[in-house]
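What follows is a single structure, written as structure tokens, with notes after it.
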Amino acid sequence: MVLTEAQGLIRQRDEIEKHADHILGQHPDYIRLRQIPGIGPINALTILAEAGDVRRFKHHRQFLKFCGLDLATYQSGQFRGQSKLSKFGNARLRRTFWMAGQIAIRQRENAFRDKYERYIARDRNDPHLKRKALSAIAAKMARVTHAVIKSGAD
């Protein structure tokens, strides 16, 4: 029963993918987003829907802050804590870039995988280091998305 329900959900997801690809297939931003490793039809649709017009952000740091992928240091008086993701931005965008980053690092050769490999080279078995590396990849994916859409270049 659970397996049948899962198969039905997979069919629905595939239909949504086809429909999104059909509707947005000629949109220039959608086409550029699809060229980024790890970003498929659903991720591209989510980015366009949640971020709106990315060109409104003058600098990539503004877009990172909107996504909640900027670093924040919690401090009070003489105390200065560690820098962590602020998570004050759009959770759906953050999740989309996180998932796209996971897909990108599994592909054979791209800049995202290279950065991930360099980041975890110290200790390949440390889950904390892998999570930090994936956060860095998600932020890089957001920066690349901003640059590709804003510049209009492939």
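Throughout, read-outs are computed from the coordinates displayed, never taken from laboratory work. Bear in mind that the values here come from a model prediction, so they are computed numbers and not experimental data. Reconstructed Cβ throughout: ideal geometry from the backbone, glycine too, with neighbour counts over all protein chains shown.
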Task: For segment 28-39, 3J(HN,Hα) per residue [Karplus equation, 6.51 cos²θ - 1.76 cosθ + 1.60, θ = phi - 60°, Hz, x = Gly/Pro] - done: x, 5, 4, 4, 5, 4, 5, 7, 7, x, x, 9
- [ ] Can you figure out the FRET efficiency of K18 with L71, using R₀ = 35 Å and their beta-carbon distance, to the nearest 0.05?
- [x] 0.35
Open item on the list: For P(r) over Cα pairs in 10 Å bins from 0, in percent, pick the label among (1) 12, 44, 34, 10, 1; (2) 10, 34, 33, 18, 4, 1; (3) 10, 28, 21, 16, 11, 8, 5, 1, 0 that corresponds to the value derived from the coordinates.
Closed with: (2)
- [ ] Considering only T73, T96, T46, give the residue with the highest GNM mean-square fluctuation for the chain, with springs between Cα atoms whenever their separation is below 10 Å.
- [x] T73
Task: Residue among Y30, Y119, Y74 with the largest mean-square fluctuation in a Gaussian network model of the chain, springs linking Cα atoms under 10 Å - done: Y74
Open item on the list: Could you compute the net charge surrounding Q62? Neighbours are other residues with a C-beta less than 10 Å from the C-beta of Q62; K and R count +1, D and E count -1.
Closed with: +3
Task: At most 15 other Cβ within 10 Å, DSSP loop - trypsin sites (Lys or Arg not before Pro), segment 15-111 - done: K58, K87, R108
Open item on the list: Given R₀ = 22 Å, what would the calculated FRET efficiency be for T4 paired with I42, taking r from the Cβ atoms and rounding to 0.05?
Closed with: 0.50
TODO: For R80 and Q35, compute 0.36 nm times the residue count separating them, minus their Cα-Cα distance, and round to one decimal in nm.
DONE: 12.2 nm
Task: Mean separation of Cα contacts under 8 Å, 6 or more apart, over the residue count of segment 28-151: relative contact order % - done: 31 percent
Task: Residues H128 and R61, FRET efficiency given R0 of 22 Å [Cβ-Cβ distance, rounded to 0.05] - done: 0.30
Open item on the list: Just to be sure I understand the model, the point goes 7 Å from the Cα along the line to the Cβ. What's the resulting A111 to N90 distance in nm?
Closed with: 2.2 nm
- [ ] Enter the Cα centre distance for the pair segment 93-154 and segment 1-79, rounded to the nearest angstrom.
- [x] 14 Å
